[in-house]
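One structure below.
The values are calculated or read from the model by the stated rules, or taken from the named source; none is laboratory data. These numbers come from a predicted model, not from an experiment. Because the Cβ atoms are built from the backbone with ideal geometry, glycine has one as well, and the counts that use them run over all protein chains shown. Each accessible area value is taken on the protein alone, full model and side chains, heavy atoms only, with ligands, DNA and RNA left out. Shrake-Rupley method; radii C 1.70, N 1.55, O 1.52, S 1.80 Å.
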Amino acid sequence: MLCGSWRRCRRSPEEPRVSAQVTAPLELLPSPASPDSGTKRPGLRALKKMGLTEDEDIQAMLRGSRLLKIRSRTWHKERLYQLQEDGLSVWFQRRVPHAPSKHIFFVQHIEAVREGHQSEGLRRFGGAYAPARCLTISFKGRRKNLDLAAPTAEEAQRWVRGLAKLQERLDAMSQRESTHTWIHSYLHRADSDQDSKMSFKEIKSLLRMVNVDMNDMYAYRLFKECDHSNNERLEGAEIEAFLRRLLKRPELEEIFYRYSGEDRVLSASELMEFLEDQGEDRATLACARQLIQAYELNETAKQHELMTLDGFIMYMLSPEGAALNMAHTRVFQDMGQPLAHYFISSSHNTYLTDSQIGGPSSTEAYIRAFAQGCRCVELDCWEGPGGEPIIYHGHTLTSKILFRDVIQAVHDHAFKLSPYPVILSLENHCGLEQQGVMAHHLRSILGDMLVTQALDSQNPEALPSPEQLKGRVLVKGKKLPATRNEDGRLLSDREDEDEDEDETEEALEAAEQRRGAKQISPELSALAVYCCATRLRTLDPSPGPPQPCKMGSLSERKARKFTREAGNSFVRHNTQQLTRVYPMGLRMNSANYNPQEMWNTGCQLVALNFQTPGYEMDLNTGRFLINGQCGYVLKPAHLRQLNTTFDPESPGPPRTTLTVQVLTAQQLPKLNAEKPSSIVDPLVRVEIYGVPEDCAHKETDYVLNNGFNPCWGQTLQFQLRVPELALVRFVVEDYDSTSPNDFVGQFTLPLNSLKQGYRHIHLLSKDGASLSPATLFVHICIQNS
C-alpha cells in the first residue's frame, strides 16, 4: 500500500479551522430551545437525544436525592446528589465549597455500580443500613469508591437503574453524537442567564471552555455571519449554524471529495476503492454496501447504495474507522497452547491502593485489578490476630486486610471480565497453623474453581492451556519435595530478599542459611500444582527432564542481568517455564519499571503496581488491549520455539518501516477547567517500545492556543527490527517552554493491531479513562521489506 500524503497545515492561532459551509444534519445537532417554546432547560436536549427525558428514574435523579455518604465507622454525612441536565455528569454537595469541577463526577468515568453491601467500605461501615438501601459507585482510575445509603430501597434502586441506563446510552452513542452532546453541555454552561440565547460574550466564554483562543475580531466576524436576525443574539438555528462551523472537518471533506467525484456522493464501488487504499482486509463491494447501510444517515441515499459526506464522517469516527483493529478486540488468538506461551497480565502488591510504605490495603484493589484484565494477583500473607491470616506490606504502615476477604473477592470478581485462569501469587510469611487456615479458606471459598490436582494424570508436569483452565484459580507457592514430610524446611517465599548480583553461589548459599528456613504446610504445599515457586538463580539447564511447573521469580534487576548476559538462554528458558518479574524493593513510592524489557525475553508474568499510573501502565494496558482484553496474549513465534536463536540484544537488521502522518486533533480536554484563559498548546509525540534498537520517539511542532481542532500535517517515520514485539504509544502534551510539558492524553496499542490508512485515535486519560470526544486523526503506513 502506498503511504498517503497530506499538505502541512499552518494557520495563525486567531483562525481555527472553521467554514461557512453547513453539512451536518439537523437531527444530529440538538439546539437550545427557542424562546417561545416555554422551556428554560436547553441542557435537556442531550437527555432527549438519549430518549430518557420521560424516564421516571432519570426524572428523580434530575430532582436530586439526599444520600448518606459513608467513609468510616463514624463518618456518615448526608449530601445532595443531582444528575445534571447534560446527562453526562452528577453534581454533589460538599461541606466546604470547592472549584466547580470538584463538585461533579462524570458518568463515563464510572466503572461499575454495585447494589447492597458489595464493597469493603459498606461491609465494614454500612451495617446500620439495610443492603437494599445501599449502593457503591466505583470509578475508573484511582478515584475512591463512593459508598452511599439512600433513605429508601426504592430511591437506591432509582440511582442504580438510572446510572445503568445512562451508561448504556453513552456506550451506544456514536463518536459524532458524543461530540454534539459534549459541545452542548458546554453551551448550556456558557449560557449564563439560561435564556437559550447566546450573546457574543457568552460565545467567547464557550470558545474558551472548549479550548479555542480566538481573537475578538475574528470571533465577532463568525458571530455576525450567523446572526441572521441582526439582534446581537444567536438563538435556535443561528446557534446550530455557529456550532456546525466550529465542528466542521475540512480534512475529512477533502478525503471524501477525492473519492466521490463531481456528484459529491460515494457509490459502493468508490467506497470500495477507498477501503482498498486503506489496506482493509475486507475491501469488497459487499463490505462497502454493509458500511453504507450501517452509517449512512439519509434514507434515500441508503436505498440507492450511496454514502453522503455525513455518512462518511460517521463511519470514520466509528470503531471501524479507528486505529485499533476491531477484529483484535475479541478473543482471536489460539488459546490452546501451554501457559508458558502467553504474556499474562500481572499485578505486584495488588492489595495496595497507594504507596508501599504507608498506603491503605483494600480488597477493592483486587476488584479493580480484575476489572483491568489482570490475571495474576499477589497476596502478601502474614500472621494475624485470632488465628486469621492477614494481607499487607510487611514491616510498614500499610493497613491490613483479612486473607479470607481477599479470597472472597477473588471468588466474586475474578471471572467477570475474562474467563481465563487466575494465578494467586502467595508471598507466605505465616506459620504452619495459619498456613493451614489459608489452605482451608482457599478450598472452602473457591470450591471447584481451585485447581487441586493435575488435569492430565498421565502427564502431570505438562502445563495446561488457558482454554483448559477456564474459570479456574491456580496457586503459586512453595512445594514440599515428595521425599520430605511436614518437618521439611524450605526458604521463605519472600521475593524482596533479592540477592546481590555480585555475590557468588557460595555466598548466596551462606546468606540463605543466615536468613534461616521456613516450614511449609503440607495443606498449602498441595495447592501448588502448576505454579511451584522457585528462585531462578541460573539459566543453566538442570539435569533431568524439563520441569514446566517450576515458576521462577526474580526482580527487575536480575531479569535485566539475565537479558544482558544470556539473552537467548533466557528466551529459551521462557519457552517452557513461567517467569514472574517484580519491581525492586527500593521503589518505595510504588513506581514501576518498563515492562517491555521483560516481554522482549518472553517473561510471561511481568508484575506492575496497577495503582500507579504512568507510561509503564499505559504499555501494560496497550499490550493486553487486544484478544478480548482477556489478560492473555500469545507470544510471538520466536518466543515460543524451544530452539529459538532470538536474542533481543541482537535482533538483526530493520525489516519494517512505520510512517505516521499526524494530521489533526479534535476536542482536546482543558487541563485547567477553572481558568478560562488556559488554552493548551498541543504537540503529538509517537513513541515506539520494543527491543532496544527499535525504541524511539519523535514529535511534532506545537500549535499555539488551540486544543479544539489543531492541525499539524507532519510526518514521523520509524525503522523496526522486531515489529511483532513493538508497541506504539501516541501521546498529546501541552507544550511549555519553561517547565516540563503537561500530559493531555494518550493511546497505546501493539503495532500488529494498528490499522493502516486514515484513522482516528481515541485518547485516554492518565488513569486510562476515556477522554471522549477527544481524538487524533492520523494516516498510518506500514511497509515490510
Y615: passes all of (1) farther than 27 Å from P750 by Cβ; (2) surrounded by fewer than 21 Cβ atoms within 10 Å (Cβ to Cβ); (3) among the hydroxyl-bearing types (S, T, Y) but (1)
For region 427-443, give me the residue count where each residue is buried (at least 17 other Cβ atoms within 10 Å of the Cβ), among the acidic types (D, E) and assigned to a helix (DSSP H, G or I). 0
Which of the strands (runs of 3 or more DSSP E) contained wholly in region 575-635 include at least 1 residues that are among the polar types (S, T, N, Q) and either without any contact (Cβ under 8 Å) to a residue 60 or more places away in the chain or closer than 23 Å to P723 by Cα (or both)? 579-582
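Test G279 against the criterion of being surrounded by 19 or more Cβ atoms within 10 Å (Cβ to Cβ), out of contact with any His (no Cβ under 6 Å at 6 or more places or on another chain) and at pLDDT below 95, and give yes or no. Please lay out each step first, then the result.
On the way: surrounded by 19 or more Cβ atoms within 10 Å (Cβ to Cβ): no; out of contact with any His (no Cβ under 6 Å at 6 or more places or on another chain): yes; at pLDDT below 95: yes.
For G279, the condition - surrounded by 19 or more Cβ atoms within 10 Å (Cβ to Cβ), out of contact with any His (no Cβ under 6 Å at 6 or more places or on another chain) and at pLDDT below 95 - is not met.
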Any chance you could count how many residues in region 222-237 are assigned to a helix (DSSP H, G or I) and free of Cβ contacts under 8 Å to residues at least 40 places away in the same chain? 3
Residue that is over 27 Å from the mean Cα position of the chain (by Cα) and surrounded by fewer than 18 Cβ atoms within 10 Å (Cβ to Cβ), where the choices are Q641, Q577: Q641
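In region 71-109, which residue that is of a type in the set (V, I, T) and under 19 Å from G141 (Cβ atoms) is surrounded by the fewest Cβ atoms within 10 Å (Cβ to Cβ)? Don't jump to the end; show me each part of the working.
In the first step, residues of region 71-109 are kept if they are of a type in the set (V, I, T); the result is 74, 90, 96, 104, 107.
Imposing the further condition that a residue be under 19 Å from G141 (Cβ atoms) reduces the set to 90, 104, 107.
Working: V90: 22, I104: 14, V107: 20.
Residue satisfying both the conditions and the ranking: I104.
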If N594 meets every condition in (1) within 23 Å of the chain's Cα centre (by Cα); (2) open to solvent by 10 Å² or more (accessible area, probe 1.4 Å); (3) modelled with pLDDT under 95 apart from one, which number is that one? (3)
Looking at region 252-272 only, could you name the residues that are touching a strand residue (DSSP E or B) at 6+ places or on another chain (Cβ under 9 Å), assigned to a helix (DSSP H, G or I) and closer than 27 Å to A327 by Cα? L252, I255, F256, Y259, A268, E270, L271
Take D334 and decide whether it is open to solvent by 10 Å² or more (accessible area, probe 1.4 Å), in a loop (DSSP other than H, G, I, E, B) and modelled with pLDDT under 95. no
Give the number of residues within region 317-331 that are at pLDDT 95 or above and either under 28 Å from N609 (Cβ atoms) or crowded, with 24+ Cβ neighbours inside 10 Å (or both). 5
Test result for G373, within 20 Å of V475 (Cα to Cα), modelled with pLDDT of 95 or more and part of a loop (DSSP other than H, G, I, E, B): yes
Looking only at strands (runs of 3 or more DSSP E) that lie completely in region 722-776, which have at least 3 residues being closer than 20 Å to W182 by Cβ? 742-750, 757-764
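Quick one: which residue in E364, E378 is in contact with a helix residue (DSSP H, G or I) (Cβ under 6 Å, 6 or more places away or on another chain), buried (at least 20 other Cβ atoms within 10 Å of the Cβ), at negative phi and not basic (K, R)?
Of E364, E378, the one residue that is in contact with a helix residue (DSSP H, G or I) (Cβ under 6 Å, 6 or more places away or on another chain), buried (at least 20 other Cβ atoms within 10 Å of the Cβ), at negative phi and not basic (K, R) is E364.
Just wondering, is there one or more residues in region 340-356 that are in a helix (DSSP H, G or I) and modelled with pLDDT of 95 or more? Break it down into steps so the answer makes sense when it comes.
Taking region 340-356 and keeping what is in a helix (DSSP H, G or I), we get 340-341.
Then keep just the ones that are modelled with pLDDT of 95 or more; that gives 340-341.
Yes: one or more hits.
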Take the residues in region 210-223 that are open to solvent by 10 Å² or more (accessible area, probe 1.4 Å) and either among the small types (G, A, S) or under 19 Å from A241 (Cβ atoms) (or both); name whichever of them is modelled with the highest pLDDT. Y220
Subset of region 675-687 [in contact (Cβ under 8 Å) with a residue 40 or more places away in the chain and either open to solvent by 10 Å² or more (accessible area, probe 1.4 Å) or in contact with a helix residue (DSSP H, G or I) (Cβ under 6 Å, 6 or more places away or on another chain) (or both)]: P676, S677, I679, D681, R685, E687
Only one of (1) assigned to a loop (DSSP other than H, G, I, E, B); (2) open to solvent by less than 30 Å² (accessible area, probe 1.4 Å); (3) not acidic (D, E) is not met by L704, so which one is it? (2)
Limited to region 444-485, what total is found for residues that are open to solvent by less than 80 Å² (accessible area, probe 1.4 Å), of a type outside the set (A, V, I, L, M) and not in a loop (DSSP other than H, G, I, E, B)? 4
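Out of S269, S229, I need the residue that is under 30 Å from T659 (Cα atoms), among the polar types (S, T, N, Q) and open to solvent by 60 Å² or more (accessible area, probe 1.4 Å). Which one?
Just one listed residue meets the conditions, S269.
Scan region 645-670 for residues that are crowded, with 16+ Cβ neighbours inside 10 Å and in a loop (DSSP other than H, G, I, E, B) and jot them down. Spell out the reasoning first.
Here is the first cut: in region 645-670, the ones crowded, with 16+ Cβ neighbours inside 10 Å are 646-648, 651, 656-670.
Within region 645-670, F646, D647, P648, P651, Q667, L668, P669, K670 meet the criteria.
When you check R289 against the structure, is it at pLDDT 95 or above, under 36 Å from the mean Cα position of the chain (by Cα) and among the charged types (D, E, K, R), yes or no? Give the derivation first.
On the way: at pLDDT 95 or above: yes; under 36 Å from the mean Cα position of the chain (by Cα): yes; among the charged types (D, E, K, R): yes.
Here the answer is yes, as R289 does meet what is asked.
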Check whether at least one residue in region 401-415 is in a helix (DSSP H, G or I), touching a residue at least 12 places away in the same chain (Cβ under 8 Å) and among the polar types (S, T, N, Q), and report yes or no. yes
Checked region 152-200 for anything of a type in the set (S, T, N, Q), at pLDDT 80 or above and closer than 17 Å to E235 by Cα; matches are S192, Q194, S196, S199
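Which residue out of S753, S770 is of a type outside the set (D, E, K, R) and at pLDDT below 95? If you could, list the steps in order and put the result at the bottom.
Numbers: S753 fails: at pLDDT below 95.
Testing whether each residue is of a type outside the set (D, E, K, R) and at pLDDT below 95 leaves just S770.
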Take the residues in region 282-303 that are surrounded by 15 or more Cβ atoms within 10 Å (Cβ to Cβ) and in contact with a Lys or Arg (Cβ under 8 Å, 6 or more places away or on another chain); name whichever of them is nearest to Q783 (Cα to Cα). I292
What's the number of the condition D498 fails, among (1) exposed (fewer than 14 other Cβ atoms within 10 Å of the Cβ); (2) modelled with pLDDT under 95? (1)
Could you tell me whether L317 is under 25 Å from E616 (Cα atoms) and aliphatic (A, V, I, L, M)? no
Could you pull out every one of the strands (runs of 3 or more DSSP E) wholly within region 55-110 that has 1 or more residues that are more than 30 Å from the chain's Cα centre (by Cα)? 65-70, 76-83
Conditions: (1) surrounded by 24 or more Cβ atoms within 10 Å (Cβ to Cβ); (2) in a loop (DSSP other than H, G, I, E, B). T396 meets all but one. Number of the miss? (1)
